[in-house]
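A quick write-up on the structure given underneath.
Only the coordinates and a few stated rules stand behind these numbers; no lab work does. The structure displayed is predicted, hence computed values, not measured ones.
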């Protein structure tokens, strides 16, 4: 099973932001987005679709 995680340096809910996923996960950085913006950002949505398609 593959894992992909997304993180932002401005995420105020996850600290440290480097702790977002399990070892071996594709850990993708986003722009400077708050935690809630990760759910609605069009670029993140595109990257999620790409990860699911691969």
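Overview of results
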{"quantity": "Global form of the chain, assessed from the alpha-carbon gyration tensor, a/c cut-off 1.5", "calculated": "oblate"}
{"quantity": "Extension reserve of the residue 4-residue 34 stretch, reckoned as 0.36 nm per residue once the Cα distance is removed", "calculated": "8.9 nm"}
